[in-house]
Amino acid sequence: MAFITTFIILFGFWIFLSGMFDLFHLSLGIISCALVSLISGDLLFSQKSVTKSHLFQILRFLKYLFWLLYQIVLANLHVAYLVLHPKMYSLIDPHIIRFKVRLKSDISLTTLANSITLTPGTITVLIHKDHFYVHSIDQKVADDLLTGDMEERVASIYREE
Amino acid sequence: MEIIAILLICAGTFFYLTGTIGLLRFPDFYSRMHATGKSDTLGTLLSLLGLALYTGLTLTSVKILFIAVFVFLTSPTATHALLRAAFDSKISPWTKDGKDLRDGEVRRK
């Protein structure tokens, strides 16, 4: 089952990227997609069935993505301001901050870590057990992060306590 | 439509520019990664969006949007990997008071 679904997705992507419908290109696509699905077909779908809650999870994730995009633009403007300011050295105050998160699963930790790295001014350095080590460029972005707003939003996507 | 595309590409180039200036001005490895790793992501996103709008709704523009999605996924991971490597090889971050903060300072409110 996982093999067939993976194959269909990959082959659709192949046709979409190549844009050619002659026998040579299509057969090349079939061979390579079948090989890839044989080797790594179990990577994409580790669970057996797709339920309704997965669909809602994707919807919530999309909603989060739009919020994140907005945050990225805001934070990028802040960093651009810092970079272009003549007295930059008195404005920036880099620190490595550490805080505890209550997220448990790998996927939510990855989402949070990548979101932190994407919003300028903060980069995830290390995740050690349930502690995040984050390098922040100044006090403002560190305070924004420590309000825990982002963590709550990530938790609500994956419905974690 | 063309005007919006040009504006988007200009905005993208502006973020590339700030990223480069930041790379030159910031004091140490960690803060330089802030300038390059992130401004580039938004810069790429904006310029690709502009290009996609410019070509109109064709196969090419959808491919361009896919590039944007993949950059969005891989760029923060690469930034994190570089920073992690620096942290593991015990490079201390530049701070105002010159204190070594590699152990992590708790500043929770």
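Derivation of every value follows stated rules applied to the coordinates shown; laboratory data play no part. Just so you know, these numbers come straight off a predicted model, no measurement behind them. So basically every Cβ, Gly included, is an ideal-geometry build from the backbone, and we count neighbours across all protein chains shown.
A few comments on the model shown:
- In terms of distances greater than 29 angstrom between alpha carbons, the cross-link table entries A:K63/B:K90; A:K100/B:K63; B:K38/B:K90; A:K63/B:K63; A:K104/A:K140; A:K140/B:K63 yield A:K63/B:K90; A:K100/B:K63; A:K140/B:K63.
- A simple packing score, the average count of other Cβ atoms within 10 Å per residue, orders the peptides A:13-24, A:60-71, B:74-85 as B:74-85, A:60-71, A:13-24, with the highest score first.
- Spin-label zone in segment A:1-30 - amide nitrogen under 16 Å from a point set 7 Å from the Cα of B:F70 along the C-beta vector: A:10-19
- Exposure proxy for B:I3, A:I8: other Cβ atoms within 10 Å of each Cβ, ordered fewest to most, give B:I3, A:I8.
- Burial order of peptide ranges A:119-127, B:12-20 (average beta-carbon count within 10 Å, highest first): A:119-127, B:12-20
- Interatomic Cα distance distribution for segment B:2-88, bins of 5 angstrom, percent: 3, 16, 20, 20, 17, 11, 8, 4, 2, 0
- Taking every Cα-Cα distance in segment A:57-113 and sorting them into 10 Å bins from zero, the calculated P(r) comes out as 17, 32, 33, 16, 2 percent.
- Each label was represented as a point 7 Å from its Cα along the Cα-to-Cβ direction; for A:I30 and A:T110 these points are 3.3 nm apart.
- Kirkwood analysis of segment A:52-157, using all unique Cα-Cα pairs, places the hydrodynamic radius at 14.6 Å.
- Label sites at B:M1 and A:L91, each approximated as a point 7 angstrom past Cα along Cα to Cβ, lie 3.8 nm apart.
- Cβ neighbours within 10 Å from other chains - mean over A:117-128: 6
- Cα-projected label distance for A:D130 with B:C10, points at 7 Å along beta-carbon direction, nm: 5.0 nm
- Helix-derived mean residue ellipticity, 222 nm - over the protein assembly as shown, DSSP H n ≥ 4, -39500 (n - 2.57), to 500: -23500 deg cm²/dmol
- Here r is the Cβ-Cβ distance between A:L17 and A:Q139 and R0 is 45 Å; the resulting FRET efficiency, rounded to 0.05, is 0.50.
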